[in-house]
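The values are calculated or read from the model by the stated rules, or taken from the named source; none is laboratory data. All figures in this text were calculated on a predicted structure; none of them were measured in a lab. Glycine gets a Cβ as well: all are built from the backbone with ideal geometry, and neighbour counts include every protein chain shown.
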Amino acid sequence: MSTIVITGGSGLIGTALMNHLTERGHEVIILTRGIGGNKIGKALVSKTDTKVTYACWDIDKNFIEPGVIEKADYIIHLAGAGVADKRWSAKRKKEIVESRTKSGALIVKALHETKHKVKGLICASGIGWYGPDQDPHRAFIETDPPDPAFLGETCRQWEESTSGLNDINIRRVVFRIGLVFSKEGGALTEFKKPVKYGIAAILGNGRQVVSWIHVDDLCRLILHAIEKDALNGIYNAVSPQPVTNKNLTIQLAQKMRDKFFIPIYVPVFVLKIMVGEMSIEVLKSTTVSSKKIKETGFTFLYPTLEAAIPALFATK
């Protein structure tokens, strides 16, 4: 079994991933900015589960707790400020970018300067790389160029920040992740909020395509990257069957309310008032291909929304 360091381990994906890894017998070290009042530089702090420990890092101070990199067999880099957590002010945009680029650069710096046994670096990126659909009959693939808009440029810098590993022979896998669905929170929570009141809130005209992935499939993809030495480079982390915003909203409403809901189209101008510039992303149609990762032998547990919904609403 391996020792695996995770950045961004306290988030939705990181928490789910930690459980997947420990179930497989791996040792996990979560890099975090603070541990229950402990200051940077103190020893690793263990949970009751001895397979999970926590260590300090600070990207602004270029600091990673001594001993962490030396222990690692793999590093999974998920850290980054939430894109949809706040409105996109100039300050927030800077935080979104730098939380990704500075953390990525710090990891690469540590790998160059520390004697270690790291075999691979698995990094998160996003399908914001691609921008809006250009051809309704063609899904985006990994060799397509980045969109010049904010998210595309953010993803470009994000991926570039961890690209300097060729000279030290470390395998690097980057997953461009779609909208992640989990019953524990995240995007699904926002879709469900109006449905609780009997409203299926379809955004804009509802025809925009949503490329998504169930959180368990995403965790399995990351495990796949650890276990398959042949994986290297960029892969889209999306289900094989994207859905329209309208289809997604209606299916969730049917699951939650049966027939007792009213579909309502939320006009574009209302979305612009509610979320500002971020409305561009909410209304954007992005159809992304999962062909490349499937060709590596990966099989999705939840390839369709119909397969995913029962799991997303399961009580156990």
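Summed over the range 306-316, the residues that are in a loop (DSSP other than H, G, I, E, B) and either surrounded by 14 or more Cβ atoms within 10 Å (Cβ to Cβ) or touching a residue at least 12 places away in the same chain (Cβ under 8 Å) (or both) give a count of 2.
Conditions tested, residue by residue: (1) more than 30 Å from residue 258 (Cα to Cα); (2) crowded, with 21+ Cβ neighbours inside 10 Å.
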| site | (1), (2) |
| --- | --- |
| 172 | yes, yes |
| 176 | yes, yes |
| 184 | no, no |
| 211 | no, yes |
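Just one of the listed residues (303, 263, 242, 267) is crowded, with 19+ Cβ neighbours inside 10 Å and in contact (Cβ under 8 Å) with a residue 24 or more places away in the chain, namely 242.
Answer yes or no: is there a residue in the range 102-123 that is surrounded by 13 or more Cβ atoms within 10 Å (Cβ to Cβ) and under 21 Å from residue 239 (Cα atoms). Yes, the range 102-123 contains a residue that is surrounded by 13 or more Cβ atoms within 10 Å (Cβ to Cβ) and under 21 Å from residue 239 (Cα atoms). Report whether or not residue 249 is hydroxyl-bearing (Ser, Thr, Tyr), modelled with pLDDT of 90 or more and closer than 30 Å to residue 89 by Cβ. Judged against the criteria, residue 249 is a match. When the residues of the range 258-277 are filtered to those that are over 11 Å from residue 200 (Cβ atoms) and in contact with a Leu (Cβ under 8 Å, 6 or more places away or on another chain), the one that is modelled with the highest pLDDT is 268.
Every residue in the range 51-71 that is among the polar types (S, T, N, Q) and either modelled with pLDDT of 95 or more or touching a helix residue (DSSP H, G or I) at 6+ places or on another chain (Cβ under 7 Å) (or both), please.
Passing the criteria: only 62.
Candidates in the range 1-24 are the residues that are small (Gly, Ala, Ser) and farther than 18 Å from residue 178 by Cα; of these, the one that is modelled with the lowest pLDDT is 10.
Of the residues 159, 153, which single one is surrounded by 21 or more Cβ atoms within 10 Å (Cβ to Cβ) and modelled with pLDDT of 90 or more?
Only one candidate passes the filter, namely 159.
Under the condition of being over 14 Å from the mean Cα position of the chain (by Cα) and modelled with pLDDT of 95 or more, the residues counted in the range 72-89 number 4. Within the range 121-138, track down each residue that is β-branched (Val, Ile, Thr) and not in a helix (DSSP H, G or I). Once the filter is applied, which keeps residues that are β-branched (Val, Ile, Thr) and not in a helix (DSSP H, G or I), the range 121-138 yields only 122. Listed by first and then second residue, the pairs with beta-carbon distance under 6 Å, at least 6 apart or on different chains, first residue in the range 141-163 and over 23 Å from residue 240 (Cα atoms), second outside any loop (DSSP other than H, G, I, E, B) and among the charged types (D, E, K, R), are 158/100. How many residues, within the range 270-297, are crowded, with 16+ Cβ neighbours inside 10 Å, in contact with a strand residue (DSSP E or B) (Cβ under 9 Å, 6 or more places away or on another chain) and farther than 16 Å from residue 209 by Cα? Here the count works out to 2. Among residues of the range 84-108 that are part of a helix (DSSP H, G or I), those with a Cβ under 9 angstrom from a residue that is of a type in the set (Lys, Arg), sequence gap 6+ or separate chain, pair up as 92/86; 95/86.
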